[in-house]
Amino acid sequence: MASNTDFYNSNEQKNDQSTGMSTYHNLDLEKRIAEKGNEATLNLNNRNLTDEDMIIISYALQHQTIDTDVLVVESAQIQQDEWSCAKCTLTNESTDRICEVCGASRLYGVPESRFNQEDEWACENCTLFNKSSNPVCELCSASRPHPLQKQTLTNQQKLYYFTDQKLAFTTLNLYCNSISCRGAKHLADGLNHNKVLKTLSLYKNNIGDDGAGYIAQALRHNNTLTTLIFGKEHVQGNSIGELGAQHLADALRYNQTLTAIDLHLNQIGSNGAQYLAHALQNNHTLTSLSLAENQIEDDGAIHLGNALKNNNKLMALSLYHNNIGPDGAQALADGITNNEMLATLNLNNNKISARGVQYFARALEINKTLKSLLLDGNSIGDDGCNHLALVLRSNKTLTTLQVSYNNISNRGGQSLYNAMKNNNTLNEIIIYGNSMDGDIESNIGDLCTSEQTE
């Protein structure tokens with residue numbers, strides 16, 4: 001497997017402009033963050049946000065960390081004779097409210113609002129506040145901004161509308177916007193310094209492989225994010241292909257906090273599935289992975305099946321609509337046979353067939369942890385039902401079985417009904433959209449209802 005070091009290095013050279021502070025402003029966005037940023041969930045979805053807007057989001061993520069950390073140490077620092085600047089590390093006197101060199105606040109590590117003073121101007125390069133009579137900065141010798149730039153400079157030094165707000169959100173929803181790889185890079189810059197955010201939802205944007213790479217790089221350092229959502233059923237992903245999957249897989253080798261990744265409706269293919277499968281063999285934190293609608297096919301399923309033999313952390317795996325046939329089903333069934341953790345396997349709308357179901361039936365004779373098996377739309381027919389019926393007579397762990405739209409007639413339905421009479425664990429069978437009589441379907445439903453009420 002190739003290393004992504006060249007990707008990170010080359011893209012850092014192409015994107016070496018600072019994003020920590022910018023003259024770009026979006027007052028509606030800033031006010032929204034100020035008003036809602038102290039709630040558990042910050043909803044910024046469906047707002048037509050652009051890559052430039054992610055500069056503001058990045059600062060919010062960094063400010064969130066600074067604000068939270070300072071609250072812990074503020075009382076201790078105030079008693080010290082000296083304090084160290086969070087921006088330039090200069091040691092200042094205890095009576096100094098801001099850093100003597102860079103003008104950073106003692107509490108927040110960002111420049112304070114001193115720009116209303118007529119006798120000072122702020123350097124665009126190093127942020128030092130200079131006397132109005134100085135034509136150049138005393139610290140870095142940068143020229144004083146032209147008077148026409150005064151309003152822009154003021155916006156820059158004021159940073160953003162929410163600068164003085166406490167931002168406590170742990171979930172950030174950015175789905176259904178106009179974010180590309182450039183915006184993802186700004187987000188990654190924020191995640192590199194954030195210690196609060198737990199869930200980030202980005203589906204229905206267009207960050208692509210490079211954007212996934214930037215986020216993945218941040219995951220190497222971020223130790224609080226637990227859930228990443230890049231896609232959602234029936235919506236749109238992020239045009240993430242096999243290279244993006246490789247970036248994320250490499251990050252999983254280092255990250256120790258991420259528990260859920262949703263890559264629904266992207267294009268990682270079988271090679272992308274292989275990268276992630278290899279990562280699963282060494283990752284000990286991920287509990288939920290969705291690769292639904294990613295064209296992974298049998299080859300990708302085979303790699304994931306092999307990973308399940310060695311992974312005892314993943315609890316939910318969704319492979320919905322991936323053109324997986326009997327060979328892929330066999331590999332997955334082999335993977336779960338002795339797996340002691342996986343509880344949910346979603347294989348809806350594939351091409352498993354009766355032969356593939358037979359492999360799962362054999363696996364369920366041994367497996368003691370799988371609780372939900374979803375097989376809608378797999379053409380399993382009556383023969384597939386017969387295979388499942390045989391194992392349901394003895395299996396004591398499966399609680400949910402979905403077999404809708406599978407060309408099941410009365411024969412297969414009756415087989416399942418008879419098996420359920422001897423099963424006290426299965427309490428939900430979803431079986432609509434087949435060709436059996438309504439009475440048989442109702443009888444199966446009644447058995448499930450009686451199990452739930454016992």
Exercise for review: Identify the single condition in (1) more than 22 Å from residue 233 (Cα to Cα); (2) open to solvent by less than 40 Å² (accessible area, probe 1.4 Å); (3) aliphatic (A, V, I, L, M) that residue 291 does not satisfy, given that it satisfies every other one.
Suggested key: (1)
Review point. For residue 425, all conditions in the list (1) surrounded by fewer than 19 Cβ atoms within 10 Å (Cβ to Cβ); (2) in a loop (DSSP other than H, G, I, E, B); (3) modelled with pLDDT of 95 or more hold save one; what is the number of the exception?
Key: (3)
Practice item. Search the stretch 425-439 for residues that are over 23 Å from residue 364 (Cβ atoms) and pair each with any residue that is outside any loop (DSSP other than H, G, I, E, B) and at pLDDT 90 or above when their beta-carbon atoms are under 7 Å apart and the residues are at least 6 apart or on different chains. Key: 437/410
Revision key, fill the gap. Filter the stretch 207-246 for residues that are touching a Cys at 6+ places or on another chain (Cβ under 6 Å) and in a helix (DSSP H, G or I); the one that is nearest to residue 62 (Cα to Cα) is 211
Check your understanding: Looking at residue 279, is it touching a Gly at 6+ places or on another chain (Cβ under 7 Å), assigned to a helix (DSSP H, G or I) and at pLDDT 95 or above?
Key -> no
Exercise for review: Kindly indicate whether residue 322 is within 25 Å of the chain's Cα centre (by Cα), farther than 19 Å from residue 258 by Cβ and at pLDDT 95 or above.
Suggested key: yes
Review point. For the stretch 241-270, how many residues meet the condition of being more than 20 Å from residue 314 (Cβ to Cβ) and either β-branched (Val, Ile, Thr) or open to solvent by 60 Å² or more (accessible area, probe 1.4 Å) (or both)?
Key: 3
Point to revise | Test set (1) closer than 20 Å to residue 184 by Cα; (2) of a type in the set (Phe, Trp, Tyr); (3) open to solvent by 10 Å² or more (accessible area, probe 1.4 Å) - residue 230 fails condition number | key: (3)
Point to revise | Unmet requirement for residue 447, which otherwise passes all of (1) surrounded by 16 or more Cβ atoms within 10 Å (Cβ to Cβ); (2) within 17 Å of residue 354 (Cβ to Cβ); (3) out of contact with any strand residue (DSSP E or B) (no Cβ under 7 Å at 6 or more places or on another chain) | key: (2)
Review point. Taking the stretch 164-182 as the search range and keeping residues that are surrounded by fewer than 19 Cβ atoms within 10 Å (Cβ to Cβ) and among the β-branched types (Val, Ile, Thr), which one is farthest from the chain's Cα centre (by Cα)?
Key: 170
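Here is a yes/no grid of residues against (1) under 21 Å from the mean Cα position of the chain (by Cα); (2) within 24 Å of residue 261 (Cβ to Cβ):
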residue	(1), (2)
317	yes, yes
332	no, yes
337	no, no
345	yes, yes
349	no, yes
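The values are calculated or read from the model by the stated rules, or taken from the named source; none is laboratory data. Because the structure is a prediction, the values reported are computed rather than measured. Cβ atoms come from the backbone with ideal geometry, glycine included; neighbour counts cover every protein chain shown. SASA here: full protein model, heavy atoms, side chains in, ligands and nucleic acids out. Shrake-Rupley method; radii C 1.70, N 1.55, O 1.52, S 1.80 Å.
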